[in-house]
């Protein structure tokens, strides 16, 4: 999956709201859509996880292969996975 | 140019901009008292002021995913498993400078949907589910609720941000997940199941008509099933999470398989304790995850002071993930995190922290004495707390969040009151809490001062200083009234006068039952107050009295929609007594059917969605092994009946009584025709505004209603110490209060009246045609339950107080009176003294609640025209404080039009 990464995908970015966040490195407020910088630290998200299988028919949707139910429970690429015990980075 | 209502009122001698007791200066006058918070707080507040209400799907995702795994599990255990997973997977977020951490969701002002309560309104309009939701009555409330068009509300979608319910922003990329989660709950949510079963209540079609026509504002069962109550922090403070886990495990083993004399629910205790254990494990992980985040930030931080603060935060959270708080800082962090945990368990409005300065005082006293904290450091934390609590959003539909709540979530903190032995309960920390409200004026926590004659004079005068900042707090509540009410309502459940003293305000001004518990700290015992009762956000909520009067006049038909709401009464209404009698009959029919359907909804809630975390905190659930659904709480008689538009209805009845039945200057039919014709004015829809000031006469009007409209406007009005109008209020209260006891909650207790309007006077007014008092179609009702209609209280403020106290307020959970005062009227120490005298006069007359907007009307007008210049302007609406830019225009208009007292 090729995705353009932005501040929103960075672990140094503390989201303030749906538009902007605080950079823990620079202590400045940035737009979440701003381009990644040299301090970029990948935020664990489903889209970066080996367990995530994108649904080619539905945009922004997929399944979590680590789900223990059948059929597998859905997942979505932009969900933060910091606390997910099954997260395995691609 | 057509005449406006403003012109007509001026001609009638009742101008909208009425100034009582003098005239305000021509120039705008700012409030007298202004202070600044600590620099750290100011910096974080700056972020808050520019923060959008934001929502994501993380919590509902993990909740739903876990729930789906356990479809054969016992309901209470299944729910706790889901909560545990959701808490354990919530992403921690900490911002530089924070000393009190944890947020509801991973945003500064975050929240999330709870589709297990109600899923319909998350759907886009084209979605089949949304269309289905439109068929339900609640969609009408959405249509008549408008948010303030500013502040942190995401009223419209923009860019990749989708506006949900006119308030919350969600990233576009999360919408498919939102819909997927919502669909997972179709037919299973409390809303859907409740709807399925409430239809089995005889007369259900009346209920649906009441909702569609906005005679009732909302169903509490699936919108806000908890809240307007006081939380209890005692157990986590006294035992810590590990202590509670040990206790629950021990009790679980003691009751497993045992009925102990209760053959119906005795064995349920096993499952309840199991649920408590699971929930505590989820909370433990939540603390741990925040601690890990603080450690991560500590490791990467280069600034020495910030690095140390992260380290201290991490250590605090690591300790609190298992141990009981030992210091003021730990105790404060514990109660904040526990509070947010409760708010994440359910859609809750008005989970009030209660008397936190009395709860935290043992830690404060000891830490100050041993030098581990300074008063300045405590003040900084108190100021930060205001920021944390103001950041709380409640994710619900527009109708509820906008039309009812105006975006506020009513986490009211109470101060003052009496201690367990009957002395005043004011301590040093209470003074500081007031000072923090002065230093960092923010909408929350709103402060409620539990008034008693024993309270120290300097404390009361400090409260006057706070009021003079214009923040709308502290509100004054009559403690003696409250305790009388509580003893009457909860005496049958064992309340003693000693326990009644522990009371506090839940929500904006709901008298709530509490209790004392013994806290032990370093060998000393302190009795601290905390909530012990079920929610009071529950029951029959917001009944539009003016609309019920409208249906009486038109034989059961709503004149806005033309729908037959009630069966025709076919009475001639030839006397006032017959009219009032029919009003009471329709009222009773309304309450009867809504009480039954609400009972069904709440029954679904308690069976499938019961409170586990709140229950664990509330005495005596842990001791008994029964949660809220099994009456584990000490006090369960909390369901109530909420009114709206009391004074508009009283004024209308007064006008009809005088003009039609006593003076006979007009026939009832003629008055009805004039009312239906909106007294010759355009409809609010035609003007495209529900604002009082924007209403215009029809250009082609003949002026045939001008004289009658003038008479209606001149008819006796409440608020002038005029017995003609006041006796109608008295008659109403003498009916309402005892009648409320005739309806039984699902917990088999009698109900009682709750007389607050919150923001419903705006939304419900918008759905009401003109009324006999001369009010025009679509415009707002009088604020609260005892505030005068704008511009009609013309005999001075003490006359208003006399009118408000013609009835016995102790029969009701509350009453509500708000007054607007120009800052110049109460300037200086003598102004403070006069204001306190006024309040004490009201309390001594038996009034329950009084609060003030200390503001120059010119400022409000300028703020309406130039909202960009007034992001931090706060006003008092009904029972709460809110940012001006975050309330709807109809309510803004009512505030502008309200009588401004220039002298008291």
Does residue B:813 qualify as being closer than 30 Å to residue B:503 by Cβ, within 26 Å of the chain's Cα centre (by Cα) and at pLDDT 90 or above? yes
Answer yes or no: is there a residue in the range B:23-39 that is free of Cβ contacts under 8 Å to residues at least 60 places away in the same chain and over 26 Å from residue B:867 (Cβ atoms). yes
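A quick yes/no check of all residues on (1) free of Cβ contacts under 8 Å to residues at least 24 places away in the same chain; (2) closer than 24 Å to residue B:52 by Cβ; (3) part of a helix (DSSP H, G or I); (4) in contact with a strand residue (DSSP E or B) (Cβ under 6 Å, 6 or more places away or on another chain):
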| residue | (1), (2), (3), (4) |
| --- | --- |
| B:306 | no, no, yes, no |
| B:310 | no, no, yes, no |
| B:331 | no, no, yes, no |
| B:336 | no, yes, yes, no |
| B:350 | no, yes, no, yes |
| B:366 | no, no, yes, no |
| B:382 | no, no, yes, no |
| B:386 | no, yes, yes, no |
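Let's see how each residue does on (1) at pLDDT 95 or above; (2) closer than 19 Å to residue B:54 by Cβ; (3) in contact with a helix residue (DSSP H, G or I) (Cβ under 7 Å, 6 or more places away or on another chain):
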| site | (1), (2), (3) |
| --- | --- |
| A:4 | no, no, no |
| A:7 | yes, yes, no |
| A:10 | yes, yes, no |
| A:13 | yes, yes, yes |
| A:22 | yes, yes, no |
| A:26 | yes, no, no |
| A:30 | yes, yes, yes |
| A:37 | yes, no, no |
| A:42 | yes, no, yes |
Can you tell me which condition residue B:744 does not meet? The list is (1) surrounded by 24 or more Cβ atoms within 10 Å (Cβ to Cβ); (2) modelled with pLDDT of 95 or more; (3) under 24 Å from the mean Cα position of the chain (by Cα), and all the others hold. (1)
Just to be sure before I move on: is residue B:119 away from chain A (no Cβ under 14 Å) and under 30 Å from residue B:901 (Cα atoms) in the structure I sent? no
I need the full set of residues from the range A:69-82 which are at the interface with another protein chain (Cβ under 7 Å from one of its Cβ atoms), in a loop (DSSP other than H, G, I, E, B), touching a helix residue (DSSP H, G or I) at 6+ places or on another chain (Cβ under 7 Å) and buried (at least 17 other Cβ atoms within 10 Å of the Cβ), in order please. A:73, A:76, A:78, A:79
In the range B:146-172, which residues are facing chain A (nearest Cβ under 10 Å), crowded, with 18+ Cβ neighbours inside 10 Å and out of contact with any strand residue (DSSP E or B) (no Cβ under 8 Å at 6 or more places or on another chain)? B:152
Which residues, taken from the range B:666-694, are touching a strand residue (DSSP E or B) at 6+ places or on another chain (Cβ under 7 Å) and under 23 Å from residue B:656 (Cα atoms)? B:680, B:681, B:682
Where residue B:325 falls short, out of the listed (1) touching a residue at least 60 places away in the same chain (Cβ under 8 Å); (2) surrounded by fewer than 21 Cβ atoms within 10 Å (Cβ to Cβ); (3) assigned to a loop (DSSP other than H, G, I, E, B): (2)
Condition check for residue B:186: touching a helix residue (DSSP H, G or I) at 6+ places or on another chain (Cβ under 8 Å), away from chain A (no Cβ under 14 Å), within 30 Å of residue A:47 (Cα to Cα) and surrounded by fewer than 22 Cβ atoms within 10 Å (Cβ to Cβ): yes
If residue B:350 satisfies all but one of (1) more than 21 Å from residue B:415 (Cα to Cα); (2) surrounded by 24 or more Cβ atoms within 10 Å (Cβ to Cβ), what's the number of the condition it fails? (1)
Output the helices (runs of 4 or more DSSP H) that fall wholly within the range B:612-724 and possess 3 or more residues being surrounded by fewer than 23 Cβ atoms within 10 Å (Cβ to Cβ) and touching a residue at least 40 places away in the same chain (Cβ under 8 Å), or say none. B:668-676, B:706-714
What helices (runs of 4 or more DSSP H) lie completely within the range B:1-114 and have 3 or more residues being surrounded by fewer than 17 Cβ atoms within 10 Å (Cβ to Cβ) and more than 14 Å from chain A (Cβ to nearest Cβ)? B:5-11
Condition first: in contact with a strand residue (DSSP E or B) (Cβ under 9 Å, 6 or more places away or on another chain) and either in contact (Cβ under 8 Å) with a residue 24 or more places away in the chain or not in a loop (DSSP other than H, G, I, E, B) (or both). Can you find one or more residues in the range B:272-279 that meet it? no
Counting only residues that are under 25 Å from residue B:785 (Cα atoms) and surrounded by fewer than 24 Cβ atoms within 10 Å (Cβ to Cβ), how many does the range B:501-533 have? 0
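Residue by residue, here is whether (1) surrounded by fewer than 23 Cβ atoms within 10 Å (Cβ to Cβ); (2) in contact with a strand residue (DSSP E or B) (Cβ under 8 Å, 6 or more places away or on another chain) holds:
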{"residue": "B:213", "(1), (2)": "no, no"}
{"residue": "B:226", "(1), (2)": "no, yes"}
{"residue": "B:257", "(1), (2)": "yes, no"}
{"residue": "B:265", "(1), (2)": "yes, no"}
{"residue": "B:270", "(1), (2)": "yes, no"}
Would you mind telling me which numbered condition in (1) modelled with pLDDT under 85; (2) out of contact with any helix residue (DSSP H, G or I) (no Cβ under 8 Å at 6 or more places or on another chain); (3) crowded, with 18+ Cβ neighbours inside 10 Å residue B:221 fails? (2)
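The values are calculated or read from the model by the stated rules, or taken from the named source; none is laboratory data. Everything numeric in this text was worked out from a predicted model, so none of it was measured. Don't worry about glycine lacking a Cβ; one is built from the backbone with ideal geometry, like all the others, and counts go over all protein chains shown.
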